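The values are calculated or read from the model by the stated rules, or taken from the named source; none is laboratory data. Quick caveat: nothing in here was measured; it's all calculated off a predicted structure. With ideal geometry, Cβ positions are generated from the backbone for all residues, glycine too; neighbour counts draw on all protein chains shown.
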Amino acid sequence: MKLSYSAISTYQKCPLSYKYSYVDRLPTKPSHYLSFGNSIHSALEFFYRVDKPEPYSLEELLGELDRVWLTEGYESETLEQEYKTKGQAILSQFYSDNLPSFAVPLAIEKRFYLDFDGVTLSGVIDRVDQEENGDIEIIDYKTNAKLPPKSKLNTDLQLPIYHMAAEKLYGVAPKKLTLYFLVPNEKVSTRKTKTDITKAQATIHSVAKNISDKKFTPFKNPLCPWCDFIEICPLHANDPVMLAKAAKNGKISGSKTAVTSTAKTTTPPAPNSVNALDELKKSATKIEKVVDDYFELVEQINTGRARLAGLQRIIHDYCEANSVTSIKGARGSVGRQPRRTTHYNVEKLRALLEPRGLWDNIIDVNSRLLKELLDDPASQDELRKLIGTAKEVEEISYVLYKKDELAEG
Ligand code: SF4
């Protein structure tokens, strides 16, 4: 299986969006964030792709930004100009910060392939620097508006993947792995230990396994309003609030957004994927009808159950009052017979089985009694906590519910 960091990261955010993007290869909409990021990356590639340590001037760097500027995804010329000015400011700051230490990098836009556990991992490293003593630093440029939370930085797979790539490409572990956040102008540098790498490999392995097992359950996340597939997503396709947010972000078809391929790491759309998208939109409309039918049927069943219970009661009463065990109707007869329910005398059972060493074979936790014990105000908090620590999820099953009822409840 072939994977990239962005494919894995997409899967981790939402397995269904991974499927739409990398399996179905549905087209994505142009995004000015992506155009902006790629333009800045191209300008910095130009700046460092030199043979001798004589850097370009700032004018030349800004001229390159102009030359490689990508225009897709901007909703207005004003917005585009705003971003261009921002790009010029970022590069000017970068230039003045990095000019004094300018050196020809070991590599620029370095492609790598890693093979392990049946997974071929590929990617491109923005820049690799090498110190005089041979130490290697991996640098990845980011154009996010701000730094992600530390927890995300610690668990993100990109740097462990780059660590493994550097080991494979240069035969040594990198001394430093740096994320260079250009907008807030902050660098975050780290090193990865063997344990970090083993953990990362386990995560990659588990993502790859889920993909090959075709586990593509949608996962609601804060980026849903920016998802290219929200119109066909079973979780949001009929959610007017989310769709309005997505429309605001230019993610709904029919706006000025044209269908195009996007990131440098995004797979190009398959030739028939536009038709596939139409098909999925149609099926999203169909699924709305299915949900309406589902609720109608649930209502009918509930009404039917209540009516059935009423009729049963009348039949029981009639049989009791008239001492009969069956009643005939035009469609057949209804019989009535006693059903014996038994229960065991626990103490008696215990006295019989315990001496024979069999008592432990039959005792089990009674969930209802356990719940009563937990709900009992007399139970101490400590006991509740203790019992809580013994709780394990054995299996997850899914239930359907009427959303409004849940919200009200
Ligand atoms: S809208 Fe959200 S839940 Fe639906 S596919 Fe996109 S990312 Fe996944």
### Task
List every residue pair whose Cβ atoms lie under 7 Å apart, where the two residues are 6 or more positions apart in sequence or sit on different chains, the first residue falls within the range 94-118 and is of a type in the set (Ser, Thr, Tyr), and the second residue, located anywhere, is assigned to a helix (DSSP H, G or I) and surrounded by 12 or more Cβ atoms within 10 Å (Cβ to Cβ).
Tyr95/Leu58; Tyr95/Leu61
### Task
Give Leu70, Leu91, Leu114 a once-over and let me know the one that is among the aliphatic types (A, V, I, L, M), in a loop (DSSP other than H, G, I, E, B) and within 33 Å of the chain's Cα centre (by Cα).
Leu70
### Query
Within the range 156-192, how many residues are crowded, with 18+ Cβ neighbours inside 10 Å, among the aromatic types (Phe, Trp, Tyr) and part of a helix (DSSP H, G or I)?
1
#### Entry: Index of the failed condition, Lys251 passing every other in (1) surrounded by 15 or more Cβ atoms within 10 Å (Cβ to Cβ); (2) part of a helix (DSSP H, G or I)
(2)
### Task
Assess whether Val291 counts as being β-branched (Val, Ile, Thr) and outside any helix (DSSP H, G or I).
no
### Task
Kindly list, by first and then second residue, each pair from a residue in the range 212-237 that is more than 8 Å from the ligand (Cβ to nearest atom) to a residue that is of a type in the set (Val, Ile, Thr) and assigned to a loop (DSSP other than H, G, I, E, B), limited to pairs with Cβ atoms under 9 Å and residues at least 6 apart or on different chains.
Glu231/Ile252
## Note on the structure
Going through the range 117-155 in order, the residues found to be part of a loop (DSSP other than H, G, I, E, B) and among the charged types (D, E, K, R) are Asp117, Glu131, Glu132, Asp135, Lys146
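Residue-wise test of (1) over 30 Å from Asp228 (Cβ atoms); (2) exposed (fewer than 11 other Cβ atoms within 10 Å of the Cβ).
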| position | (1), (2) |
| --- | --- |
| Asp293 | no, yes |
| Gln300 | yes, yes |
| Arg305 | yes, yes |
| Ala309 | yes, yes |
| Gln312 | yes, no |
| Glu320 | yes, yes |
| Gly329 | yes, yes |
| Gly332 | yes, yes |
| Arg340 | yes, yes |
### Residue satisfying all of: in the range 172-181; of a type in the set (A, V, I, L, M) and within 26 Å of the chain's Cα centre (by Cα); nearest to Lys146 (Cα to Cα) among these
Leu179
### Task
For the range 20-39, indicate whether the set of residues that are within 16 Å of the ligand (Cβ to nearest atom), polar (S, T, N, Q), at pLDDT 95 or above and within 30 Å of Ser206 (Cα to Cα) is non-empty.
yes
### Task
Taking the options Glu64, Glu72, Glu45, name whichever one is touching a helix residue (DSSP H, G or I) at 6+ places or on another chain (Cβ under 8 Å) and within 27 Å of Ile138 (Cβ to Cβ).
Glu64
### Task
Please enumerate the residues belonging to the range 49-67 that are within 22 Å of Asn185 (Cα to Cα) and more than 34 Å from the chain's Cα centre (by Cα).
Arg49, Pro55, Tyr56, Ser57, Leu58, Glu59, Glu60, Leu61, Leu62, Gly63, Glu64, Asp66
